[in-house]
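Scroll down for the structure; my scribbles are underneath it.
The values are calculated or read from the model by the stated rules, or taken from the named source; none is laboratory data. Keep in mind it's a predicted model, so treat the numbers as computed, not measured. Because the Cβ atoms are built from the backbone with ideal geometry, glycine has one as well, and the counts that use them run over all protein chains shown. Ligands, DNA and RNA are excluded from the accessible area calculation, which covers all protein heavy atoms including side chains. Shrake-Rupley method; radii C 1.70, N 1.55, O 1.52, S 1.80 Å.
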Amino acid sequence: MTSSTTSPGTALITGASTGIGAIYADRLARRGHDLILVARNGERLRALADELHAATGRRITTLVADLTDAAARSRVEEVLRTDESLTMLVNNAGIGSVASILADDADTMEHMIALNVTALTRLSYAVAPAFVRRKAGTIVNIASVVGVAVEMLNGVYSASKSYVIGFGHTLQRDLGDKGVRIQTVMPGATATEFWDVAGYAPQKESASTMSAADLVDAALAGLDAGERVTIPGLHEGERWTQWEADRRALAPKFANAVPAARYGLAR
Ligand code: NAP
């Protein structure tokens, strides 16, 4: 797999130095993508880039950036706006917490929002016009099941992932008919360093925790199958289909000038 003429283009993966992002890097390189790997830890990124280049022959570059830093992030945005070889953005970088509002501080939460929400949003805005212009491109956003099961972990983390899910629906609405593929991936607990950062390392050993390899392989199978939302750990997929149908059916019911009778303002 060395000929660039057969390349499906370049994928930019954020948070590629370890965990889910590093597995995406491995799988996408083996599918023939050239890669741009983004994270803060340059040593880890370069080691992975060397290993994947040796294994696949693909062109793998690294971009060391703290995506919560506006200047560093704008360098990544510039690449997304201008690199004509890009065909895929994997918005994967994210951090979590298990702490309640009484056990953590607002600055930590703002930092989480800067990565999980602001960076993901800005990178999507940077690449979307280019993908539309080329009538091709894929944006994969890594959300979480706690974006729906919001009471399970830290509230700001869960809400940041609800944002990713909601944003994904609107990206689909805005870009889906313009040649751009959107996939929102909702992992459940996955065995990565996420849990060390989040403050509950034992979760990595739990019987219900998935390997990052299985998570990414299932997510890519979902992408190949054309899924807009992929939830690898949900065995009863029809329940999500029903939930989505119910959510969409509710939308037209909200638009009434008159408050509902239960509020006692009937005229
Ligand atoms: P991980 O192993 O901790 O990896 C997180 C990645 O993000 C690392 O490559 C890290 O690299 C990078 N990163 C962290 N802060 C960054 C920053 N400020 N700027 C740039 N890169 C940064 O966690 P993971 O489990 O693979 O998480 C990947 C995604 O999956 C996240 O969005 C997470 O919310 C989501 N997710 C994970 C789980 C789970 O159970 N693991 C469940 C649901 C969803 P550097 O430290 O080198 O910057």
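Data table
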{"quantity": "With DNA, RNA and ligands ignored, accessible area of M210 (1.4 Å probe; Å², nearest 10)", "calculated": "50 Å²"}
{"quantity": "Solvent-accessible heavy-atom area per residue, rounded to whole Å², over the range 1-158 at 1.4 Å", "calculated": "44 Å²"}
{"quantity": "Span from the the range 62-93 Cα centroid across to the the range 146-216 one, whole angstrom", "calculated": "20 Å"}
{"quantity": "In the range 142-180, the trypsin sites (Lys or Arg not before Pro) that fall in loop regions by DSSP, at most 16 other Cβ within 10 Å", "calculated": "K178"}
{"quantity": "5 angstrom amide H check on T62, placed H, neighbours 5+ away", "calculated": "L37"}
{"quantity": "Cα-based shape type of the range 102-153, given that a ≥ b ≥ c are square roots of the gyration tensor eigenvalues and the cut on a/c is 1.5", "calculated": "oblate"}
{"quantity": "Nearest-10 value in Å² for the accessible area of H169, using the 1.4 Å probe", "calculated": "40 Å²"}
{"quantity": "Accessible area of E193 in the full protein assembly, 1.4 Å probe (Å², nearest 10)", "calculated": "80 Å²"}
{"quantity": "Net length gained if the chain between E110 and D224 were fully extended (0.36 nm per residue, minus Cα distance)", "calculated": "37.5 nm"}
{"quantity": "The chain: angle of helix 237-250 to the longest principal axis, Cα-based, in degrees nearest 10", "calculated": "50 degrees"}
{"quantity": "Largest to smallest accessible area among V148, V180 [probe 1.4 Å]", "calculated": "V148, V180"}
{"quantity": "Under 5 Å, built H, 5+ apart or other chain: amide partners of R40", "calculated": "A65"}
{"quantity": "Using θ = phi - 60° and Karplus 6.51 cos²θ - 1.76 cosθ + 1.60, couplings along the range 28-39 (whole Hz; Gly, Pro as x)", "calculated": "6, 5, 5, 7, x, 6, 6, 10, 10, 9, 10, 5"}
{"quantity": "Using θ = phi - 60° and Karplus 6.51 cos²θ - 1.76 cosθ + 1.60, couplings along the range 218-232 (whole Hz; Gly, Pro as x)", "calculated": "5, 4, 6, 5, x, 4, 4, 7, x, 5, 8, 10, 10, 10, x"}
{"quantity": "Cα-based reach from K204 at 21 Å (exclusive), listing lysines while leaving out same-chain residues under 8 positions away", "calculated": "K161"}
{"quantity": "Translational diffusion coefficient (Stokes-Einstein; Kirkwood radius from C-alpha pairs) of the range 146-267 at 4 °C, 1.567 mPa s, in µm²/s", "calculated": "76 µm²/s"}
{"quantity": "Label-point gap, in nm, between K204 and H235 - each point 7 angstrom along Cα→Cβ", "calculated": "2.7 nm"}
{"quantity": "Heavy-atom accessible area ranking, 1.4 Å probe, most first, across D177, D104, D196", "calculated": "D177, D196, D104"}
{"quantity": "Global form of the range 10-237, assessed from the alpha-carbon gyration tensor, a/c cut-off 1.5", "calculated": "rounded"}
{"quantity": "The range 1-101: GluC sites (Glu not before Pro) falling in loop per DSSP and having at most 14 other Cβ within 10 Å", "calculated": "E84"}
{"quantity": "Accessible surface of the range 10-237 [probe 1.4 Å, protein heavy atoms]: carbon and sulfur percent", "calculated": "54 percent"}
{"quantity": "Residues with amide H under 5 Å from that of T190, placed H, sequence gap 5 or more", "calculated": "M210"}
